[in-house]
1. Farthest toward the dipole's positive end in segment 274-321, which of Tyr282, Val292, His310, given Cβ charges of +1 (Lys, Arg) and -1 (Asp, Glu) about the Cα centre?
2. Give me a comma-separated list of calculated 3J(HN,Hα) values for segment 363-373, in order, Karplus coefficients 6.51, -1.76, 1.60 applied at θ = phi - 60°, integers in Hz, x for any Gly or Pro.
3. For segment 2-67, would you read off the P(r) tail past 18 Å as a percentage of all alpha carbon pairs?
4. Could you work out the equivalent-ellipsoid semi-axes for segment 176-228, taking the square root of 5 times each eigenvalue of the Cα gyration tensor, largest first, in whole Å?
5. Quick one: what Rg and Dmax do you get for segment 24-148 from the alpha carbons, in Å?
6. I'd like to compare 196-203, 132-139: which one has the highest average count of other Cβ atoms within 10 Å, and what's the full order after that?
7. Pick out, in residue order, every one of the trypsin sites (Lys or Arg not before Pro) in segment 342-435 that is DSSP loop and has at most 13 other C-beta atoms within 10 Å; say none if there are none.
8. Using a 10 Å cut-off around each Cβ, can you sort Cys327, Cys333 from fewest to most neighbouring Cβ atoms?
Amino acid sequence: MSTMLESEQTELEAARAYVKQVYDSVVQRNSMEPEFLQAVKEILDSLLPILAKETKYRENGILERLVEPERLISFRVPWVDDQGKVQVNRGYRVQFNSAIGPYKGGIRFHPSVNASIVKFLGFEQIFKNALTGQPIGGGKGGSDFDPKGRSDREIMNFTQSFMTELYRYLGPDVDVPAGDIGVGAREVGYMFGQYRRIRGAYEAGVLTGKGIGYGGSLGRKEATGAGLVYFMREMLNGAGLSFQGASVVVSGSGNVAIYAMEKAIEFGAKVVACSDSSGYIYDRNGLNLDTVKRLKEVERKRISEYVNEHPGSEYYEGCSGIWTIPCDIALPCATQNEIDETSARQLIENGVKAVGEGANMPSTLEAIDVFLNGNVLFAPAKAANAGGVSVSSLEMAQNGMKLAWSAEEVDEKLQGIMADIYRSAMAASQEYGVPGNLVAGSNIAGFQKVAEAMLAQGVI
Ligand code: NAP
């Protein structure tokens, strides 16, 4: 027995040395990319149990290959603004891993976009997409273009120019982008129009998140937020808890946040706060979602305007203050690193029972540790926000078959997928000795699928 334990210990040390060696080389090669390094560290550290048990991954250089994108494309995006002035932005697409299917991942338009951001997102996407059980690889893209304050014509000019370069790297069986921050149905529509015009063919499956009238899937718009709440329902259920009567804080008021709020309210929760990049609104009696939707989706206004229509509510400048509001369930749905260690501790002091990541990497590594050690149910982004890409994959399937499913059919499939993701993350956490740790569980389950496909396909 003791020899057995000793050999396990030796394998664990070997796995640790392997992870360190790979991570050190990633740091050396990508030293100016903090977000990418953060994502790689989070994932590699959590793979230790499986790397210790299965030597084949070490022997076949799986990690070394996984951390290096298959391709990183960077390009000039020239366009003309409403004043007739030439503007130049930078576009990116990272095609990270296609072992289990065509590259799949959203496009982000935000001034903060750079190689580090698209690589962190693309790297995470590999594991997330594998977890969905769908045949999709990992990719991501975007531009440092800031859509705020731009006219509709400027958005179209920019988006068409962006696609004029990007189109040559895409295809329904090659690389299939979708929306992300700053890219919604309008931008996807402009991208699809330009792609179709240049290719001279109607390849509906080249982009997802399209309008319903031209190949989009019912339920895609709601999928990430609703999927997050479906995932949380499974997790809460496992602990004898539910959304019924729970008080919920949601950051952001974009696509993910709005439909997470909608589903949480449908399940009997009271959503007391949400935000945008300027500040947050708080109403202890529960927010009026119709007003939030109109302000953000239709009028594209600031969330601060909400308090003019709802006198009992309050508005505060700045984003991190939202995590000082007492709640049972916190759903960060805005952006990366929005919950740091201090905010995580504050949430726990105020009695939070569960945290579900709607955004990508919204919690810092330190914040995740606080949650995992603090008896909080923690649903990591990779698993919890996979509903969007899952329905994107269903959109690709419908496009391939040239048919359209009903909203009910899509929703039923989404619920099944989110429950499956929860089960496989939980099962992996138990099998690899970290029961209930869904960070490790989802990383391991996603990794295993991709790594096996890479092994089967040889060194490429
Ligand atoms: P979105 O519709 O553009 O909304 C983003 C929201 O977050 C907006 O309310 C925005 O405020 C706020 N925000 C942006 N940057 C911020 C910052 N630095 N600090 C505080 N708030 C900020 O984007 P989304 O599609 O909901 O995406 C939100 C997150 O979910 C991202 O991390 C994205 O990668 C992730 N995600 C999205 C999907 C999807 O299907 N859309 C799928 C998986 C993951 P303003 O209105 O002021 O800009």
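1. Val292
2. Values, residue by residue: 9, 5, 4, 5, 5, 4, 4, 4, 5, 5, 8 Hz.
3. 36 percent
4. 21, 11, 8
5. 16.7, 62
6. In descending order of packing, they fall as 132-139, 196-203.
7. Filter output for segment 342-435: Lys402.
8. Lowest to highest Cβ neighbour count: Cys327, Cys333.
None of the figures in this text is laboratory data; all of them are computed from the coordinates on show. None of these values were measured; they are calculated from a predicted model. For neighbour counting, all protein chains shown are included, and Cβ atoms are generated from backbone atoms with ideal geometry for every residue, glycine included.
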